[in-house]
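K.L.:
Below you'll find the structure I mean.
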Amino acid sequence: MGDTLRHAWTIARKDLLLEFRTRTAVLSAVVFTALVLTVFNFGRDPTAVATIDLAPSILWVTFSFAAILALNRAFQLELENEALEGLLVSPISRTSLYLGKLVANLMFVGVVECVALPLFVLFFDVPVWRALAPLIAVIALATVGFVAVGTLFSAMVIRTRFAELMLPVLLLPFFIPPLTGAVQATARLLDGRPLSEAAGWLRLLAGYDVAFLVLATLLFPHTVDE
Amino acid sequence: MRLARAGRWVTLVGLLLLAGVYLRALAFTPIERSQGPAQKIFYLHMPAAVWAELAMGLVGLAGVFYLFLKDPRLDRFAAASAEAGTVFAAIVLTTGPIWGKPIWGTWWTWDARLTLTLLLFFLYMGYLLLRSATPDPELRARYSAVLGICGLVLVPFIHLSTVMFRTLHPAPIVLKPSPPSLPGSMLITLLFSFGVFTLLYIGFVMQVYGLSLLQEELAARERAAAVARGRGEGGDDA
């Protein structure tokens, strides 16, 4: 168990180091997210619809797009110079590989979300401060769900044709339960209501996370082996 | 070859019996009091809906067994079941709005079970697209198994989230904890139709399974021919 986690961290650190040295991917993702938020501003009639009514949807559609963008590159970069083969023949378990990629993806998406959330607050004037801690908890819960399935699928699509298109087609149906839960919980929080009102949705989010983390860890070896 | 042909016969019998379902539903089953003739579509809608979901379950189960046994027959069955399931989901998504317009006053609403069927349809489409985008047969089988299993786990979550979201759909009247509240003659028509749809599912699966066998055979023959040709040309060059 200790070895599994240590190896997983090695993989995650490798990915994050690569990201940190080039910074292109994470910067592009941040700029893309800022652009999506901007586009949303023009996708509504400001005189007819109050921002606060749309805010939860804007936040979560933006986050799902950001997650897909981040996940698309997770295994894509391992295709260069046959790096994936190298990872597969190295003496680490498939579980470590999955967990490492999962952590790296979570960090990547997390960074994008950390930039997007203040921008969202700024652009749409959302009263987020009184519910910041529970909101971050909801974001974390839903993001784990997104990334757990997404990491599994991104390992799968790299060897298919039209990989960049295949990932969203496969992944978006899987985003529906966490997205629904996250939007409902966010709406309650932004409305100034207590988190306990969204307890059912939080249970759904947590159940989804556990189910797909376990399932993806079990299924992952079947997606990478030659 | 034989399987695809047998599947065609089973489907043909199923389609003839489907005409029988129409006949029984229209002429020999009483008209529902509050919904009027629109309710007749229920005899197609519900069996198709049940099979659309069952087919996904079978795709997922075949996936689980495939990952353990690596038997290509399981993969062929899963692919055939997914294709049949797509057809049934499409039937549900077509008959639903036809009924919804006169009864609910709208073609579409984001009701729990409508959303579930729509996402099931997307799941099937994704499954079939993934298959067509993965050229290597062994890899394709493994990928489809993984996606099928994930789909099987996803369906209850979608069900839960959409029910929590909102529901307008008529409550179940047959598949529910208490005994069915459908009058006898309607229940018989429904069960008859369910039997016909089961037959159609079997017929569809047999045909697709038989066709994929033929395709594999053709591919193998082409490969063999190419090898033979290559050998012949190589001989000439030498």
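K.L.:
From the list A:Val115, A:Val121, pick out the single residue that is surrounded by fewer than 19 Cβ atoms within 10 Å (Cβ to Cβ), touching a residue at least 12 places away in the same chain (Cβ under 8 Å), in contact with a helix residue (DSSP H, G or I) (Cβ under 9 Å, 6 or more places away or on another chain) and within 22 Å of A:Val30 (Cβ to Cβ).
P.N.:
Details: A:Val121 fails: touching a residue at least 12 places away in the same chain (Cβ under 8 Å).
None of the others qualify; the one that does is A:Val115.
K.L.:
Pairs please, first residue from segment B:18-37 and over 15 Å from B:Leu182 (Cβ atoms), second anywhere and exposed (fewer than 15 other Cβ atoms within 10 Å of the Cβ) and among the β-branched types (Val, Ile, Thr), Cβ atoms under 7 Å, 6+ apart in sequence or on different chains.
P.N.:
From residues that are over 15 Å from B:Leu182 (Cβ atoms), the pairs are B:Pro37/B:Ile31.
K.L.:
Determine whether B:Leu74 is closer than 30 Å to B:Asp136 by Cβ and in contact with a His (Cβ under 8 Å, 6 or more places away or on another chain).
P.N.:
It is false that B:Leu74 is closer than 30 Å to B:Asp136 by Cβ and in contact with a His (Cβ under 8 Å, 6 or more places away or on another chain).
K.L.:
Does B:Val146 fit the bill of being within 12 Å of chain A (Cβ to nearest Cβ), among the β-branched types (Val, Ile, Thr) and touching a helix residue (DSSP H, G or I) at 6+ places or on another chain (Cβ under 7 Å)? Explain how you work it out, then say what you get.
P.N.:
On the way: within 12 Å of chain A (Cβ to nearest Cβ): yes; among the β-branched types (Val, Ile, Thr): yes; touching a helix residue (DSSP H, G or I) at 6+ places or on another chain (Cβ under 7 Å): yes.
It is true that B:Val146 is within 12 Å of chain A (Cβ to nearest Cβ), among the β-branched types (Val, Ile, Thr) and touching a helix residue (DSSP H, G or I) at 6+ places or on another chain (Cβ under 7 Å).
K.L.:
Separate question: So for segment A:209-219 (the condition being aliphatic (A, V, I, L, M), closer than 23 Å to A:Val39 by Cβ and modelled with pLDDT of 90 or more), does at least one residue qualify?
P.N.:
Of the residues in segment A:209-219, the ones aliphatic (A, V, I, L, M) are A:210-211, A:213-216, A:218-219.
Those left that are additionally closer than 23 Å to A:Val39 by Cβ: none.
Looking through segment A:209-219, none of the residues is aliphatic (A, V, I, L, M), closer than 23 Å to A:Val39 by Cβ and modelled with pLDDT of 90 or more.
Condition check ((1) part of a loop (DSSP other than H, G, I, E, B); (2) at the interface with chain B (Cβ under 9 Å from one of its Cβ atoms); (3) in contact with a helix residue (DSSP H, G or I) (Cβ under 8 Å, 6 or more places away or on another chain); (4) under 19 Å from B:Leu152 (Cα atoms)) across all residues:
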{"residue": "A:Arg159", "(1), (2), (3), (4)": "yes, yes, yes, no"}
{"residue": "A:Met166", "(1), (2), (3), (4)": "no, yes, yes, no"}
{"residue": "A:Val169", "(1), (2), (3), (4)": "no, yes, yes, yes"}
{"residue": "A:Ile176", "(1), (2), (3), (4)": "no, yes, yes, yes"}
{"residue": "A:Leu179", "(1), (2), (3), (4)": "no, yes, yes, yes"}
{"residue": "A:Val183", "(1), (2), (3), (4)": "no, no, yes, no"}
{"residue": "A:Ala187", "(1), (2), (3), (4)": "no, no, yes, no"}
{"residue": "A:Arg193", "(1), (2), (3), (4)": "yes, no, no, no"}
{"residue": "A:Glu197", "(1), (2), (3), (4)": "no, no, yes, no"}
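K.L.:
State yes or no: is A:Thr33 closer than 16 Å to A:Leu119 by Cβ and at pLDDT 90 or above?
P.N.:
Numbers: closer than 16 Å to A:Leu119 by Cβ: yes; at pLDDT 90 or above: yes.
Here the answer is yes, as A:Thr33 does meet what is asked.
K.L.:
State whether the residues of segment A:204-212 include one that is under 29 Å from A:Gly86 (Cβ atoms) and not charged (D, E, K, R).
P.N.:
Looking through segment A:204-212, at least one residue is under 29 Å from A:Gly86 (Cβ atoms) and not charged (D, E, K, R).
K.L.:
Within the set of pairs 6 or more residues apart or between chains, which connect a residue that is in a helix (DSSP H, G or I) inside segment A:203-226 to a residue that is surrounded by fewer than 20 Cβ atoms within 10 Å (Cβ to Cβ) and among the polar types (S, T, N, Q) with Cβ atoms less than 6 Å apart?
P.N.:
A:Thr217/A:Thr95
K.L.:
Could you check segment A:131-168 and list, in sequence order, the residues that are among the β-branched types (Val, Ile, Thr) and under 13 Å from the mean Cα position of the chain (by Cα)?
P.N.:
Listed by number, the residues that qualify are A:Val138, A:Ile139, A:Thr143, A:Val144, A:Val147, A:Val149, A:Thr151.
K.L.:
Over 20 Å from B:Gly96 (Cα atoms) and either under 21 Å from the mean Cα position of the chain (by Cα) or modelled with pLDDT of 65 or more (or both) - does that describe any residue in segment B:166-179?
P.N.:
Checking segment B:166-179: not a single residue is over 20 Å from B:Gly96 (Cα atoms) and either under 21 Å from the mean Cα position of the chain (by Cα) or modelled with pLDDT of 65 or more (or both).
K.L.:
Looking at (1) out of contact with any Pro (no Cβ under 7 Å at 6 or more places or on another chain); (2) facing another protein chain (nearest Cβ under 9 Å); (3) within 17 Å of A:Pro173 (Cβ to Cβ); (4) buried (at least 18 other Cβ atoms within 10 Å of the Cβ), which is the one condition that is false for B:Phe157?
P.N.:
(1)
K.L.:
Where in segment A:1-108 are the helices (runs of 4 or more DSSP H), entirely inside, with at least 1 residues that are farther than 24 Å from A:His222 by Cβ and within 21 Å of the chain's Cα centre (by Cα)?
P.N.:
In segment A:1-108, the matching helices (runs of 4 or more DSSP H) lie at A:2-22, A:24-42, A:51-76.
K.L.:
Given the conditions (1) modelled with pLDDT of 90 or more; (2) touching a Gly at 6+ places or on another chain (Cβ under 8 Å); (3) surrounded by fewer than 22 Cβ atoms within 10 Å (Cβ to Cβ), report the number of the one that A:Ala67 does not fulfil.
P.N.:
So A:Ala67 meets the others, but not (3).
K.L.:
Here's another thing I want to ask about it. Please list, ordered by first then second residue, the pairs with beta carbon atoms under 8 Å, 6 or more apart or interchain, first in segment A:126-154 and under 23 Å from A:Pro194 (Cβ atoms) and modelled with pLDDT of 95 or more, second polar (S, T, N, Q) and surrounded by fewer than 21 Cβ atoms within 10 Å (Cβ to Cβ).
P.N.:
none
K.L.:
Considering only residues that are farther than 16 Å from B:Ser193 by Cα and charged (D, E, K, R), look in segment B:1-43 and name the one that is nearest to the chain's Cα centre (by Cα).
P.N.:
Looking at the filtered set, the residue picked out is B:Arg8.
K.L.:
Still on this model: Please state which one of A:Phe220, A:Phe146 is closer than 22 Å to A:Met107 by Cα, crowded, with 22+ Cβ neighbours inside 10 Å and facing chain B (nearest Cβ under 10 Å).
P.N.:
Going through A:Phe220, A:Phe146 in turn, just one is closer than 22 Å to A:Met107 by Cα, crowded, with 22+ Cβ neighbours inside 10 Å and facing chain B (nearest Cβ under 10 Å): A:Phe220.
K.L.:
Here's a follow-up. Identify all residues within segment B:119-139 that are more than 9 Å from chain A (Cβ to nearest Cβ) and either in contact with a Lys or Arg (Cβ under 8 Å, 6 or more places away or on another chain) or crowded, with 20+ Cβ neighbours inside 10 Å (or both); write none if there are none. Even if it seems obvious, please write down each step before you answer.
P.N.:
The initial filter retains those residues of segment B:119-139 that are more than 9 Å from chain A (Cβ to nearest Cβ), namely B:121, B:124, B:128, B:131, B:137-138.
If the condition is that a residue be more than 9 Å from chain A (Cβ to nearest Cβ) and either in contact with a Lys or Arg (Cβ under 8 Å, 6 or more places away or on another chain) or crowded, with 20+ Cβ neighbours inside 10 Å (or both), then B:Tyr124, B:Arg131 are the ones that fit.
K.L.:
Tell me, yes or no, whether segment B:53-63 has at least one residue that is small (Gly, Ala, Ser), touching a Ser or Thr at 6+ places or on another chain (Cβ under 8 Å), farther than 25 Å from A:Leu215 by Cβ and at pLDDT 85 or above.
P.N.:
no
K.L.:
State which residue pairs qualify: first residue over 16 Å from B:Ala48 (Cα atoms) and in contact (Cβ under 8 Å) with a residue 60 or more places away in the chain and inside segment B:87-107, second residue among the hydrophobic types (A, V, I, L, M, F, W, C) and surrounded by fewer than 18 Cβ atoms within 10 Å (Cβ to Cβ) in any location, beta carbons under 9 Å apart, and separation of 6 or more residues or different chains.
P.N.:
Every condition considered, the pairs that remain are B:Pro102/B:Ala38; B:Ile103/B:Ala38; B:Trp104/B:Leu168.
The values are calculated or read from the model by the stated rules, or taken from the named source; none is laboratory data. All of these numbers come straight from a predicted model, not from anything done at the bench. Because the Cβ atoms are built from the backbone with ideal geometry, glycine has one as well, and the counts that use them run over all protein chains shown.
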